[in-house]
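K.L.:
Pasting a structure below so you can have a look.
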Amino acid sequence: MEFKNKEISKQKLEKLRLVYEKYIKEAMNIKDIKRWSSRKTLSNTTYSSERTNETKIIDAIKNSDYTVGDRVWLFFKEDGSLELVENYDGNYDKLVLIKKIFQTSKLFSSVLDTDMLYCNYSLKKNQGKLKELCQTK
């Protein structure tokens, strides 16, 4: 792990951190949820499965016209359920998105010291830091 950050200047690392924080701030104040949602294809398995993921999808599409073969866009609500993008009313789980951003940043852990570079704002101990970050411009 000696290779990590050795060839990357402090200035470039700071730019990476700023990009990460830009996405964190955006995730805290979403207007258009589609770019933050997941696309799911409805299959026979989706309808017959008892797995939590599939049952959440089925609950989200109740009272809609979606059928097998359709693709739907879903996002997490604050109560942990899934919801169709077209039903977005500003209620979404911010911490789920923040955790996903952090997990995505971990993809670079083989070449960057991501633990040093990126704060996991989804953790309770970092909620104060998240609030501070969102108050900065």
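K.L.:
Kindly indicate which of Leu74, Leu16, Leu82, Leu42 is surrounded by 11 or more Cβ atoms within 10 Å (Cβ to Cβ) and at pLDDT below 95.
P.N.:
Numbers: Leu74 fails: at pLDDT below 95; Leu82 fails: at pLDDT below 95; Leu42 fails: at pLDDT below 95.
Matching residue, one of Leu74, Leu16, Leu82, Leu42: Leu16.
K.L.:
Filtering the range 104-137 down to residues that are among the small types (Gly, Ala, Ser) and crowded, with 18+ Cβ neighbours inside 10 Å, which residue is nearest to Ala27 (Cα to Cα)?
P.N.:
Going through the qualifying residues, I end up with Ser122.
K.L.:
Evaluate the following for Lys129: is it over 17 Å from the mean Cα position of the chain (by Cα) and not aromatic (Phe, Trp, Tyr)?
P.N.:
Here the answer is yes, as Lys129 does meet what is asked.
K.L.:
On the given criteria, is Lys62 under 15 Å from the mean Cα position of the chain (by Cα), charged (D, E, K, R) and farther than 30 Å from Asp113 by Cα? I'd like the intermediate steps shown before the answer.
P.N.:
On the way: under 15 Å from the mean Cα position of the chain (by Cα): no; charged (D, E, K, R): yes; farther than 30 Å from Asp113 by Cα: yes.
No.
K.L.:
Please specify each residue of the range 45-71 satisfying the condition of being on the phi < 0 side of the Ramachandran plot and open to solvent by 80 Å² or more (accessible area, probe 1.4 Å).
P.N.:
We begin by selecting, within the range 45-71, every residue on the phi < 0 side of the Ramachandran plot; these are 45-62, 64-68, 70-71.
Listed by number, the residues that qualify are Thr45, Tyr47, Ser48, Glu50, Arg51, Thr52, Asp59, Lys62, Asp65, Arg71.
K.L.:
Right, next: Give all pairs with beta carbons closer than 7 Å in which a residue from the range 46-75 that is under 25 Å from Arg35 (Cβ atoms) and without any contact (Cβ under 8 Å) to a residue 40 or more places away in the chain meets a residue that is among the small types (Gly, Ala, Ser) and surrounded by 17 or more Cβ atoms within 10 Å (Cβ to Cβ); count only pairs at least 6 apart in sequence or on separate chains.
P.N.:
Trp73/Ser37; Leu74/Ser37; Leu74/Ala60
K.L.:
With the requirement that a residue be assigned to a helix (DSSP H, G or I), surrounded by 14 or more Cβ atoms within 10 Å (Cβ to Cβ) and among the aliphatic types (A, V, I, L, M), what does the range 19-33 give you?
P.N.:
Ile24, Ala27, Ile33
K.L.:
Can you tell me which residues in the range 50-103 are closer than 22 Å to Ile24 by Cβ, touching an Asp or Glu at 6+ places or on another chain (Cβ under 6 Å) and in a helix (DSSP H, G or I)?
P.N.:
none
K.L.:
Considering each residue of the range 34-45, count those that are in contact (Cβ under 8 Å) with a residue 40 or more places away in the chain and outside any helix (DSSP H, G or I), and give that number.
P.N.:
The initial filter retains those residues of the range 34-45 that are in contact (Cβ under 8 Å) with a residue 40 or more places away in the chain, namely 34, 36-37.
This time we only want the ones that are outside any helix (DSSP H, G or I), so: 37.
Number of matching residues: 1.
K.L.:
Return the residues of the range 85-96 that are more than 22 Å from Thr55 (Cβ to Cβ) and either small (Gly, Ala, Ser) or open to solvent by less than 50 Å² (accessible area, probe 1.4 Å) (or both); say none if nothing qualifies.
P.N.:
Across the range 85-96, the qualifying residue is only Gly90.
The values are calculated or read from the model by the stated rules, or taken from the named source; none is laboratory data. Being a predicted model, the structure only gives us computed values, none of them experimental. Using ideal geometry, Cβ is built from the backbone for each residue, glycine included, and neighbour counts are taken over all protein chains shown. Calculation scope for accessible area: heavy atoms of the full protein, side chains included, ligands and nucleic acids excluded. Shrake-Rupley method; radii C 1.70, N 1.55, O 1.52, S 1.80 Å.
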